[in-house]
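Participant: One structure coming up, written as structure tokens, with questions to follow.
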Amino acid sequence: MASWVSLLLFLFCQSISQAQEESSNNPVLEFTSETPINNVVQDPQTGRIYLGAVNTIFQLGPSLRQEARAETGPKEDSRTCTPPASACQDTKLMPNLNKLLLVHPSNGSLIVCGSRYRGICSLLNLSNVEQQLYYSDSKGEKTYVASIEDNVNVVGVMSTYKKDSQNFNVFVVGKGYGSLDSTKLISTRILQDLREWVVFESIIEASTVQTTPFVPKYLHDFRHAFKEDGFVYFLFSRTLDGTDNKNLTFVSRLCEDDHHYYSHTELQLNCGMNNRFNKVQAAYVASPGKELARLMTESGIYGKVVPWSKVLFMVARPDDDDDNNSALCVYPLNSINERLVDIISACYSDSGKISGFPAVDIPYSSKTCVILLVCYLFPLQKDLLENYKCGADFLPSPLASKPRFALKVNPALTKSGLLTSVAVAVENDHTIAFLGNNQGEVFKVHLTTDPYVYSKVPGDTRGEKVNKNLFFDLGHSHLYITTEKKITKVPVQTCLQKKDCQSCVELRDPYCGWCVLEGRCTRRSECRRAEEKNGWLWSPKQQCVKIVSFYPPNLSCKKTDKVQHCFTSHSFPQTLFFCSLFVSLAVNMDFCTGRSLMSLHVLDFVCVRACVCAFVLQPNYVCESIFFSLLFTCSYSCVSRCMSCVASQWGCQWNTRDHTCSDTDDSVVGPNIIKQRQVSHLKGRVMDSDHRGVCLINAAVRHKNQILNVNVLPVYTIQRQENVMFASPLTASYPVTLYNCSMGREDCSLCKNADPKYRCVWCSRQKACVYEKLCNQQGSEDPHSTECPNPEITDIIPRFGPLRGGIAITIRGSNLGIHKEDIKRITVVGETCIHQEEKYSDPIPDAVKPARGPKAGGTLITISGRFLDTGSKDDVQVTIGGVDFTTRITVTLPLQGRGFSRAMTAKEAQAFVGDVQCLVNTLQDDKLFLDPPSTPPRALKVKMCLLHLVFMTAVLLCLWHVFRRKSQQAEREYEKVKHQLENLEESVRDRCKKEFTDLMIEMEDHTNDLSEGRIPFLDYKTYTDRVFFLPSKDGANDVMITGRLDIPEARRATVTQALNQFSNLLNSKTFLINFIRTLERSHDFNARAKVYFASLLTVALHGKLEYYTDIMRTLLLELMEEYVHSKNPKLMLRRSETVVERMLCNWMSICLYQFLKDSAGEPLYKLFRAIKHQIEKGPVDARVKKAKYTLNDTGLLGDDVEYSVLTLQVLVQGEGPDVTPVKVLNCDTISQVKEKIIEQVYRNQPYSQRPKVDSVTLEWRPGSTGQILSDLDLTSQKEGRWKRINTLAHYNVRDNATLVLSRVLHPQHNYDQNQENHEERNALLEDDKVFHLVRPADELDEIKSKRGSIKDKSMTKAITEIYLTRLLSVKGTLQQFVDDFFRSVLCSGAVVPPAVKYFFDFLDEQALKHNNVDEETIHIWKTNSLPLRFWVNILKNPHFTFDVHVSEVVDASLSVIAQTFMDACTKSEHKLSRQLPPLVSSVCVFVCSYYKGIRQMVPVSDQDMNTHLAEVSRVRNTSIIASLDEDPAAQSKQLTLRLQQIAAALENKVTDL
């Protein structure tokens, strides 16, 4: 009965093992796409996989079997095309990248957005993607969702939108910025037609996050989007501003029911020390699990984290390409929300501060946070955030955290290489992260106290980047891994591959544990008794159940005994055990510790399997048989050979009487009993071989000097020497070396040279090298003493040679000896030769001429090199590309002489060697190269035909005689002129070298200096004052600017009432247009009055820019009709001759102000600073306003002024002991020195806040006393009637001198500061003829005419035109800054202000209505309206935009650039000039491309333009509010609050203010 039970248990165990193997070998499922994969999503209801690839959408089943596919490309499109494509030109087939893929399960559709047709989306059927549910390309820009740029990421998430108590589905999209994309970085898209909305339209128009402040300088890179607890989150990286390209990671949050994006708030996420891992790559949101939540709570960093809360798992990398590491960082969503609440609360009620530090940033606006005065109105500030948790319209712009208040965490895991994806799962309260990298690997990480990588996910994905699409199936039992063109489905665990407990727990995999009562490695959910104590064992704290011992360890097969077993300490409830042994038929060394003799067909033991089985009493009393563990022991049977018996490890004894082997029995003794003993293994070498390589091996083993056994082992055939191992019947091992004497020993001398240990001999009878015992010699001749045959020569190389000898030869043959001393003598025709041991040489080619030739061949080539004379001609073989070539050895004969080329040509020359003519190859004046004749000559003779020699000589003599006299005279004149030109050339060369050296040194200084300081932009009011109103003698006190009218008090009330009524009349379009027409018909309404009127009208209607734009359009249409029909259309808008032209200029100035600050302002300021720096590095004449370095040739300082650079140590009186180093020139006037000192000392202050030159004095203290420095004093030098302005060189101020700058109380009495003030002042006023560096030309000419002729001295002074080289030097220095400015203004691929696009479209539209308006006229209109009307004005007047001072010399260079800009904007042929000559054509290309790019942009509708104008008006009102906030008096009167109330009332808004 017991044997039947054992058999059943064995069969049961085998079936379980087989089932485990089958389940553990499930194939990895995969699907391969023909094109790169962009996005993958999963249907949460059916588990289907939708794969968005380039040009294709795939529908796959859960097992990755293809169910359907939809082709999305390639499509006929162009980057600048506005759908539909049929209306576009220059289209071509372009690939369609999938940008966004979302499952819309409520209506069974798939949202698909591609890169073609401006990112238009479509809806596909979830059940069959080949069925398209919706697509339209005719709805305009409002339906453009994605980006057409390949490198711009797009993310999205499904959401709901509530309006009028109705909920409907939408999806919220975040995308980076593309040059031709819509500027809506965040948008909410509707999925049905509703009222005025169409499918995919952006239903939320919020200028705060959808207009130009978001454009490219922030470099948004969206990576993830998700929804949680009524909020929508976006994870992305961006820069802080346009000045720093370092990326930082941000998470932004929106309320799901926020209809205006007021709640959009960004929080910086720092990962690692000093935010080392600052650029997010991928993210995953999941619950942390019980263990990870406990660890995060105990760390104290994250606050309290509960297992069911959500956590953001993010992989990030450094922005530095040199740092090849990545990290996993963990952020609880509760911590993110709490920090966001802190930021919003600070902006609402704490002046934007937390703990006294600024915490709130407004990244997309130049304004500071507008703090509402709610604390003065409501005593309960804590209720404010609750009431406005999703923001309100009083928020000026999206909020963000300052870097100081970023959410900072340390990496949970750091790995080398680039991590690209992450997915997180929880198993048995433990958290596992799956991390993909750019090498195709997916790591499994256990997130515990010390996270560790314990395994890699199986599958063949190595070498390809794992992209962001890493997710689980619906059951979380498999993981989908997506690489470039393949998606793979792999199990999250491979537990069943481990067959024993120890290997199972050593995985340290939270998925895998040892199911004790089932004896297999499984997930906890798959183990039926896992909940019982010690029923499921998991690493690393628990140990396996093991059988630690069996006793006895082995047992004779003829005996019966009890076996005792011992387990590790584990308790098992209701369990009984019994032991069963199974015979294993597959006996091998892995199962048994002893030596198996299966190869000799002898077996003295057998391995059995010991299984301890448990009968576990189930509640229903069903008995189960389970394997606990396996332990292999051996039962043995004594064999029949004596030596095997006594050498056995089982304790056998041998009976010599009956020749039997039996178990050891101490009771049986006698001389015929041999007990167990140890026998040594013998190692030997037996060598018997014949010429065929057949080896017979005889083996014999002795024990106690007696032969125990002699055997003939199998025969082995060998070809070469081999080492083999034989097992003898005595169980001993013998290493045997098998070899063949004849291999490699073909003759007697080689045989005798063999190693003596092999006993090889030369057998003369067999004429072969054989083993000594195999040689059958005649008689008793010893084969070792056999003499070798005589040497035999088979070949001599070469076989021919010169009679004089001296060449090396090679002799081949047999029995030629082995060593050098074996060769006694070598003779050739009786002459003794020198034996050179092992002398070889190979030909080495070095060059081939020609290097190229026709494929058809036939080209004669020459190969030159070393050792080419090796061998004979027959040994030479040349191959090129595997083709054999015929060889011809040629020799070239050179002849030397003089006058060859003068007397004849190569065709006329004839040469002979002896009586045979040679071919003349090359003829030179002193050399003649001849090809040798084909037949040998009999004599050597060279003769040439000199037919023309006499004639040519006569002609030359005649010409020489004729021109001799004239040439001598010309030679003298030539030498004189040559000497002058050489001097001039040398001067120009030296000057160019110096200028170029200066250029290279200064270039780096420009960039560093310009990048350090901030840009002093003027506030909007000052900007408009300077742009709108022409400068007058009253300056800032002009009544046009102040608005203060001198009205008698008696009439003030009447005038005020009349002005109010007039203001109301201005709101009437009919009145205003007729009013303007009437004024323009008036003869006394001059150009200046028109400018003032248009500017005043602009100010009056500034709050109603939509109305202002309507008036301007109406007047422009009238002006256009007038020019088209009665005037030259090309002259329209050229000058400000009408009110509307000035209105257009003001309109452009208003609409482009923000663009000027955000984009064009920085390069313009850098250009201004670069020009100023370049001019001031050289001498500038303070009187004639000319400079050494300038762009204007009329302002070029022609004289070569000597100067040196000084560094002054300046101490500012009353501002501390610190000194400021200032670089000046020793030729600078004192006023110029003051300007440079003020510029350097107060460089962080705008110009208007700096002290003026006449308000400071400069004192030099060379010793104990000081000296006041001034431009003119009694020490000033006089030259005739002219007086030179004092310079630092005049005062002999040296390098590193200390000067004191101090302020004067009364700058108008500056000259009274000296002791002899009255006398000095009177002396200075005697004559106003002063000069600085260059005196006027008339005075200089008068002095020179008295001294003599200038002609005699003209050669010693450089020509004035030489100094024009400085123009090129300055141009080269400033070229980059000029290009940067024009590129920022004329780059349509970047940001184009909506006003520009709107107005240019208006001009194009009107041009189409008139037949006589061609493309050139349209080009001129656009040039007159934008570059000439706005940009040239801004370029020539930097003080309109910045708080700076523009000197005359700087203005001269700016005028050159502005004129170049104007010239480049015309289509006429440009004339070359000395001022920036190559720049005109390059800028012209910029202008044409700019106009073309704007025409191809998406049109700006009237509605969009009105929205933009309203926003501009609102922003300018915000500027006024900000100004009131900064004014203490306004704060005390709460003027900000009152103005907001008035604005709300005027705009009919409901407000809580």
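The values are calculated or read from the model by the stated rules, or taken from the named source; none is laboratory data. Quantities reported herein were computed from a predicted structural model and do not represent experimental measurements. Every residue, glycine among them, receives a Cβ derived from its backbone with ideal geometry; neighbour counts consider all protein chains shown. The protein model used for the area step is the full one, side chains on, heavy atoms only, and it has no ligands, DNA or RNA in it. Shrake-Rupley method; radii C 1.70, N 1.55, O 1.52, S 1.80 Å.
Participant: Scan the range 1204-1237 for residues that are free of Cβ contacts under 8 Å to residues at least 40 places away in the same chain and surrounded by 17 or more Cβ atoms within 10 Å (Cβ to Cβ) and jot them down.
Facilitator: Once the filter is applied, which keeps residues that are free of Cβ contacts under 8 Å to residues at least 40 places away in the same chain and surrounded by 17 or more Cβ atoms within 10 Å (Cβ to Cβ), the range 1204-1237 yields V1222, E1235.
Participant: Taking the range 738-788 only, how many residues are part of a helix (DSSP H, G or I), under 18 Å from N815 (Cβ atoms) and open to solvent by 40 Å² or more (accessible area, probe 1.4 Å)?
Facilitator: So the answer is 4.
Participant: Only one of N790, N776 is at pLDDT 80 or above and closer than 24 Å to A754 by Cβ; which?
Facilitator: Only one candidate passes the filter, namely N790.
Participant: Here's a follow-up. Which residues, taken from the range 1252-1274, are open to solvent by 20 Å² or more (accessible area, probe 1.4 Å), modelled with pLDDT of 85 or more and among the β-branched types (V, I, T)?
Facilitator: Those that are open to solvent by 20 Å² or more (accessible area, probe 1.4 Å), modelled with pLDDT of 85 or more and among the β-branched types (V, I, T): V1253, I1268.
Participant: From (1) open to solvent by less than 70 Å² (accessible area, probe 1.4 Å); (2) modelled with pLDDT of 75 or more; (3) part of a loop (DSSP other than H, G, I, E, B), pick out the condition that doesn't hold for A847.
Facilitator: If we test A847 against (1) open to solvent by less than 70 Å² (accessible area, probe 1.4 Å); (2) modelled with pLDDT of 75 or more; (3) part of a loop (DSSP other than H, G, I, E, B), just (3) comes out false.
Participant: Among residues belonging to the range 1238-1250 that are within 26 Å of N1286 (Cα to Cα), in a helix (DSSP H, G or I) and not hydroxyl-bearing (S, T, Y), point out the one that is least open to solvent (accessible area, probe 1.4 Å).
Facilitator: Among them, the one singled out is I1238.
Participant: Now for a separate question. So K304 fits all but one of (1) free of Cβ contacts under 8 Å to residues at least 60 places away in the same chain; (2) among the basic types (K, R); (3) not in a loop (DSSP other than H, G, I, E, B); what number is the exception?
Facilitator: Going through the list (1) free of Cβ contacts under 8 Å to residues at least 60 places away in the same chain; (2) among the basic types (K, R); (3) not in a loop (DSSP other than H, G, I, E, B), K304 breaks only (3).
Participant: Which members of the range 1412-1460 meet the condition of being in contact with a Cys (Cβ under 8 Å, 6 or more places away or on another chain) and among the β-branched types (V, I, T)?
Facilitator: Answer for the range 1412-1460, where residues must be in contact with a Cys (Cβ under 8 Å, 6 or more places away or on another chain) and among the β-branched types (V, I, T): just T1423.
Participant: Also, quick follow-up: Looking at the range 1296-1312, I want the residues that are part of a helix (DSSP H, G or I) and have a partner that is modelled with pLDDT under 90 with Cβ atoms under 6 Å, at least 6 apart or on another chain. Which pairs are those?
Facilitator: As it stands, the answer is P1307/D1254; P1307/S1255; Y1311/N1317; Y1311/R1321, since those pairs meet every condition given.
Participant: Give the residues of the range 1405-1424 that are under 14 Å from F1461 (Cα atoms) and among the hydroxyl-bearing types (S, T, Y), sorted by residue number.
Facilitator: Passing the criteria: only T1423.
Participant: Restricting attention to the range 1052-1074, does a residue exist that is open to solvent by less than 70 Å² (accessible area, probe 1.4 Å) and in contact (Cβ under 8 Å) with a residue 60 or more places away in the chain?
Facilitator: no
Participant: Could you tell me which of the residues S416, S401 is open to solvent by less than 20 Å² (accessible area, probe 1.4 Å) and either at pLDDT 95 or above or of a type in the set (S, T, N, Q) (or both)?
Facilitator: That would be S401, the only listed residue that is open to solvent by less than 20 Å² (accessible area, probe 1.4 Å) and either at pLDDT 95 or above or of a type in the set (S, T, N, Q) (or both).
To keep it simple, each residue is scored yes or no on (1) modelled with pLDDT of 80 or more; (2) surrounded by 11 or more Cβ atoms within 10 Å (Cβ to Cβ); (3) not aliphatic (A, V, I, L, M).
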{"site": "K820", "(1), (2), (3)": "no, no, yes"}
{"site": "E838", "(1), (2), (3)": "no, no, yes"}
{"site": "R866", "(1), (2), (3)": "no, yes, yes"}
{"site": "D884", "(1), (2), (3)": "no, no, yes"}
{"site": "T890", "(1), (2), (3)": "no, no, yes"}
{"site": "Q896", "(1), (2), (3)": "no, no, yes"}
{"site": "E908", "(1), (2), (3)": "no, yes, yes"}
{"site": "A911", "(1), (2), (3)": "yes, yes, no"}
{"site": "G914", "(1), (2), (3)": "no, yes, yes"}
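Participant: So which pairs qualify, if the first residue must be in the range 1403-1414 and at pLDDT 80 or above, the second must be in a loop (DSSP other than H, G, I, E, B), the Cβ gap must be under 6 Å, and the two must be at least 6 apart or on different chains?
Facilitator: These pairs meet every condition: A1407/V1413.
Participant: Moving to a separate point now. Condition first: among the charged types (D, E, K, R) and either part of a strand (DSSP E or B) or surrounded by 13 or more Cβ atoms within 10 Å (Cβ to Cβ) (or both). Now tell me which residues in the range 159-175 satisfy that.
Facilitator: Residues satisfying the conditions are K162, K163, K175.
Participant: Also, I was wondering about something else. Given the conditions (1) closer than 24 Å to V41 by Cβ; (2) among the β-branched types (V, I, T); (3) open to solvent by 20 Å² or more (accessible area, probe 1.4 Å), which single one is not true for V490?
Facilitator: The failed condition is (3).
Participant: Further question: Can you name the number of the only condition in (1) more than 22 Å from T431 (Cβ to Cβ); (2) touching a Gly at 6+ places or on another chain (Cβ under 7 Å); (3) assigned to a strand (DSSP E or B) that S326 fails?
Facilitator: All conditions pass for S326, except number (1).
Participant: Right, something else. Considering every residue within the range 77-84, establish whether at least one is at pLDDT 95 or above and over 25 Å from N151 (Cβ atoms).
Facilitator: no
Participant: Return the residues of the range 1395-1419 that are surrounded by fewer than 21 Cβ atoms within 10 Å (Cβ to Cβ) and either among the acidic types (D, E) or under 17 Å from L1156 (Cβ atoms) (or both); say none if nothing qualifies.
Facilitator: The answer is K1397, D1401, D1404, E1405, D1414, E1415, E1416.
Participant: Only one of these conditions is not met by E1162: (1) of a type outside the set (F, W, Y); (2) open to solvent by less than 10 Å² (accessible area, probe 1.4 Å); (3) under 44 Å from the mean Cα position of the chain (by Cα). Which number is it?
Facilitator: In the conditions (1) of a type outside the set (F, W, Y); (2) open to solvent by less than 10 Å² (accessible area, probe 1.4 Å); (3) under 44 Å from the mean Cα position of the chain (by Cα), E1162 misses (2) alone.
Participant: Still on this structure, I have one more. Checking E1469 against (1) open to solvent by 70 Å² or more (accessible area, probe 1.4 Å); (2) over 30 Å from L1408 (Cα atoms); (3) modelled with pLDDT under 60: exactly one of these is not met. Which one?
Facilitator: Unmet for E1469, out of (1) open to solvent by 70 Å² or more (accessible area, probe 1.4 Å); (2) over 30 Å from L1408 (Cα atoms); (3) modelled with pLDDT under 60: (2).
Participant: If you go through the range 1124-1153, how many residues are part of a helix (DSSP H, G or I) and either at positive phi or at pLDDT 85 or above (or both)?
Facilitator: 14
Participant: Let me ask something else about it. For residues in the range 444-493 being of a type in the set (D, E, K, R) and within 17 Å of L328 (Cα to Cα), which is modelled with the highest pLDDT?
Facilitator: K444
Participant: Separate question: Just give me the residues in the range 224-260 being open to solvent by 10 Å² or more (accessible area, probe 1.4 Å) and closer than 20 Å to Y177 by Cβ, in sequence order.
Facilitator: Those that are open to solvent by 10 Å² or more (accessible area, probe 1.4 Å) and closer than 20 Å to Y177 by Cβ: H224, A225, L240, D241, G242, T243, D244, N245, K246, N247, L248.
Participant: Taking the range 432-443 only, how many residues are at pLDDT 95 or above and not hydrophobic (A, V, I, L, M, F, W, C)?
Facilitator: 0
Participant: Restricting the first residue to the range 859-872 and requiring it to be of a type in the set (K, R) and outside any loop (DSSP other than H, G, I, E, B), which pairs with a second residue that is open to solvent by less than 80 Å² (accessible area, probe 1.4 Å) and at pLDDT 75 or above meet a Cβ separation below 6 Å and a spacing of at least six or different chains?
Facilitator: As it stands, the answer is R866/I844, since those pairs meet every condition given.
Participant: Quick one: T879 ticks every box in (1) closer than 30 Å to I844 by Cβ; (2) exposed (fewer than 12 other Cβ atoms within 10 Å of the Cβ); (3) modelled with pLDDT under 75 except a single one, so which number is it?
Facilitator: For T879, the exception is condition (3).
Participant: Mind listing whichever residues of the range 180-202 are at pLDDT 85 or above and either among the small types (G, A, S) or surrounded by 18 or more Cβ atoms within 10 Å (Cβ to Cβ) (or both)?
Facilitator: Residues satisfying the conditions are I186, S187, T188, R189, I190, L191, V199, F200, E201, S202.
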